[in-house]
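Note sheet for the following structure.
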Amino acid sequence: NLLKMAELGLPVPPAIVIGTHYTNSPNQSLAPLHAITLPILEDICGKKLGCSKNPLILSVRSGAPISMPGMMETLLNIGLCDNTLSGFLRQTGNPRLVWDSYRRLISTYGEVVENINPAIFEKEIYAITQGSDERLMSFDDLRSLSNNFLIAYQAACGRPFPQDVDEQLRGAILAVFSSWNSEKAKQY
């Protein structure tokens with residue numbers, strides 16, 4: 001659908017489409033992605049994945065001719081890590097956005113890629129908000145929450161959240177491909 005919209009002249013963000021022919025061997029999509037298509041995307045965007053000063057932040061989404069909401073996984077904010085937070089802050093000028101994006105990446109990556117129970121992260125949110133609206137958290141609260149999420153992530157899966165953005169991207173791509181074979185998707 002992105003290609004169709006682009007062909008119609010509609011404004012669409014630059015994107016990489018990994019074909020469904022990789023479904024049975026998604027690892028094979030990684031070499032051409034890193035060797036060919038990611039450098040082109042970085043050039044088009046004027047940003048680089050993992051760059052501390054001007055980071056490229058990606059989403060990894062599943063697409064299908066027929067929409068299957070809630071069945072295929074999506075991971076946002078791939079490329080955020082301790083090293084890229086200051087560059088993302090320079091790009092946005094919004095510390096609240098930066099810390100909110102990072103905490104969301106940690107939790108969704110943990111849930112989708114590592115199968116961490118979402119309740120672990122919800123418990124950390126409650127510890128800071130005490131039941132009030134999480135949208136009202138300050139950037140200091142969000143920074144604390146992000147740090148708490150990093151600790152919870154490591155405790156739940158036995159290793160730290162990946163600070164290597166290439167590892168993040170690989171994990172996200174493989175998880176999205178894997179979601180195509182989930183029981184829910186098969187039933188649909």
Just read off the accessible area of Phe88 with the full protein assembly in place, 1.4 Å probe, to the nearest 10 Å². 20
Could you work out the mean projected area of the convex hull around the alpha carbons of the stretch 1-96, in square nanometres to one decimal? 7.9
State the percentage of accessible surface on the stretch 57-188 attributable to carbon and sulfur atoms; use a 1.4 Å probe and exclude ligands, DNA and RNA. 50
Net charge of Cβ neighbours under 11 Å - reference Pro55; Lys, Arg +1; Asp, Glu -1: +3
What's the magnitude of the charge dipole for the chain around its Cα centre, counting Lys and Arg as +1 and Asp and Glu as -1 at the beta-carbon? Answer in Debye, nearest 20. 240
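Using +1 on the beta carbon of Lys and Arg, -1 on that of Asp and Glu, and nothing else charged, what's the dipole of the stretch 1-65 about the Cα centre, debye to 20? Don't jump to the answer; show the numbers that get you there.
Values: 5 positive and 3 negative charges, 35 e Å.
It works out to roughly 160 debye.
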Choice from Ser86, Ser25, Ser146 with maximal GNM fluctuation in the chain (Cα, 10 Å cutoff): Ser25
At q = 0.21, 0.26, 0.27, 0.29 Å⁻¹, base-10 log of I(q)/I(0) for the stretch 10-64 (Debye sum, equal scatterers on each alpha carbon): -0.90, -1.17, -1.21, -1.27
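Taking only protein heavy atoms and a 1.4 Å probe, what accessible area per residue, in Å², does the chain have with all protein chains in place? Walk me through the numbers on the way to the answer.
Details: 10850 Å² over 188 residues.
I get 58 Å² per residue for the chain.
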Which one, Ala185, Asn115, Pro11, is farthest towards the positive end of the dipole of the chain when Lys and Arg carry +1 and Asp and Glu -1 on their Cβ? Pro11
What whole-number volume per residue, in cubic angstrom, does the convex hull of the C-alpha atoms of the stretch 53-154 give? 115
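Once the convex hull of the alpha carbons of the stretch 72-129 is built, what does its volume come to per residue, in cubic angstrom?
Values: hull volume 5.5 nm³, N = 58.
Spread over its residues, the Cα hull of the stretch 72-129 gives 96 Å³ apiece.
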Dipole axis of the chain (+1 Lys, Arg; -1 Asp, Glu on Cβ), positive-most option in Ala175, Tyr22, Thr37: Thr37
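How big, in percent, is the set of alpha carbon pairs in the stretch 115-188 lying more than 15 Å apart? Write out the running numbers ahead of the final one.
Working: 1794 of 2701 pairs.
Percent of Cα pairs beyond 15 Å in the stretch 115-188: 66.
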Plugging the Kirkwood radius over Cα pairs into Stokes-Einstein for the chain, at a temperature of 20 °C and a viscosity of 1.002 mPa s, what D comes out in µm²/s? 121
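The values are calculated or read from the model by the stated rules, or taken from the named source; none is laboratory data. These numbers come from a predicted model, not from an experiment. Counting neighbours? That spans all protein chains shown, and the Cβs are built from the backbone with ideal geometry, glycine included. Quick note on the areas: whole protein, heavy atoms, side chains included, nothing else; ligands and nucleic acids left out. Shrake-Rupley method; radii C 1.70, N 1.55, O 1.52, S 1.80 Å.
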